[in-house]
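To keep things clear, I will list the structure first and then write my remarks on it.
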Amino acid sequence: MKNVLITGGSRGIGAACVEEFSKNGYRVFLNYNKSGEAAEALRERTGCVMIKADISNSADVSRMIEKIHEYGKIDVLVNNAGIAEQKLFSDITEDDWDRMFNINMKGMFLVTKAVLPDMIYKKSGKIINFSSVWGISGASCEVHYSASKAAVIGFTKALAKELGLSGINVNCIAPGVIDTDMNSHLDDETRKELCDETPLSRFGTARETARLALYLASKDADFITGQIISPNGGLII
Ligand code: NDP
């Protein structure tokens, strides 16, 4: 049985990943930070192992990996946890900037670094990092989010080059607008505008995005590495 660690598995795309990987025979380690009840509900439904850790805190990350090692080594890492925030650039404070990068980028660095020895030992592994279309094209009023997600793309490409000889694939999913809590603040008019801008005229679902992660983790994707794959309904082409 393969072991997968899904960061931010309590809600949205991460929760859909927990469901899809569980259904497909993986032992799932669900990382969460604040949403303990949602994580518990998923644990009851899927039998996953839930682990509380703030991924931007290195001590939390070390404890999380120690706990996973009570079961075995990690084969697949889904670096999904992330935050977003809409603000004019002039209103972004230094704290906002640090929080965004600490979770979206430093958290990914800490978790990946902690998991890598398992994969290098086995000379195999799959790492799937979540960026965003806004990391490719940039979004107005989301400069810190867009910059952090662009960093994820550079991180993915560079790490893929470094880890190829170790038999480890590193890829990036850069979704368009997906119907999760992250977009629950949008009013009807903004939702409609975003749908109108999307050739397929709708938001994507968390399940569709999770199925792509499942594919990238599979043997069928063994020759894919260093790629940025964007399920976005045609929003950017
Ligand atoms: P949600 O806001 O629905 O869920 C975010 C998840 O991240 C939660 O499970 C949350 O856990 C977790 N998380 C946040 N901070 C931390 C932390 N410090 N430590 C551990 N976990 C944390 O987001 P989505 O599911 O929509 O997004 C998932 C990923 O996809 C993100 O990286 C996002 O940037 C990206 N993405 C999403 C898009 C969208 O339209 N939804 C579009 C493009 C990219 P908890 O609640 O337990 O704290």
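The values are calculated or read from the model by the stated rules, or taken from the named source; none is laboratory data. Since the model is a prediction, treat every value here as computed from it, not as a measurement. As a convention, Cβ positions derive from the backbone with ideal geometry for all residues, glycine included, and neighbour counts pool all protein chains shown. With ligands, DNA and RNA removed, areas are computed over all heavy atoms of the protein, side chains included. Shrake-Rupley method; radii C 1.70, N 1.55, O 1.52, S 1.80 Å.
The table below gives the values:
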quantity	calculated
nm² value of the averaged projected area, convex hull over the Cα atoms of segment 187-237	4.3
Residue among Lys52, Lys87, Lys106 with the largest mean-square fluctuation in a Gaussian network model of the chain, springs linking Cα atoms under 10 Å	Lys87
Lysine pairs in segment 113-174 with Cα atoms under 14 Å, if 8 or more residues apart or on separate chains	4
The chain, accessible surface, carbon-and-sulfur percent (1.4 angstrom probe)	52
For peptides 124-135, 223-234, 4-15, sequence by mean Cβ density within 10 Å, most packed first	4-15, 124-135, 223-234
Translational diffusion coefficient (Stokes-Einstein; Kirkwood radius from C-alpha pairs) of segment 111-208 at 37 °C, 0.692 mPa s, in µm²/s	215
Residue-normalised accessible area of the chain, given per residue in Å² at a 1.4 Å probe	49
In range of the label at Ala41: residues from segment 158-188 whose backbone nitrogen is under 15 Å from the point 7 Å along Cα→Cβ	180-182
Normalised alpha carbon radius of gyration of segment 3-229 [divisor 2.2 N^0.38 Å]	0.97
Chymotrypsin sites (Phe, Trp or Tyr not before Pro) lying in DSSP loop within segment 19-119, provided at most 15 other Cβ fall within 10 Å	Tyr71
Cα-based reach from Lys34 at 16 Å (exclusive), listing lysines while leaving out same-chain residues under 8 positions away	Lys52
Estimated distance in nm for a label pair at Lys113 and Ile237, the labels positioned 7 Å out from Cα along Cα-to-Cβ	4.2
Estimated FRET transfer efficiency when R0 is 25 angstrom, pair Asn183-Lys34 (beta carbons, to 0.05)	0.85
Using alpha-carbon coordinates, inclination of helix 12-23 to the longest axis of the chain, degrees	30
Alpha carbon convex hull of segment 1-124, volume per residue in cubic angstrom	106
FRET efficiency, 1/(1 + (r/R0)^6) with R0 30 Å, evaluated for His69 and Phe223 via beta carbons	0.50
Helical mean residue ellipticity (222 nm; -39500 (n - 2.57) per DSSP H run of 4+; nearest 500) of the chain	-14000 deg cm²/dmol
Net charge dipole size for segment 14-153 [Lys, Arg +1 and Asp, Glu -1 on Cβ; Debye, nearest 20]	660
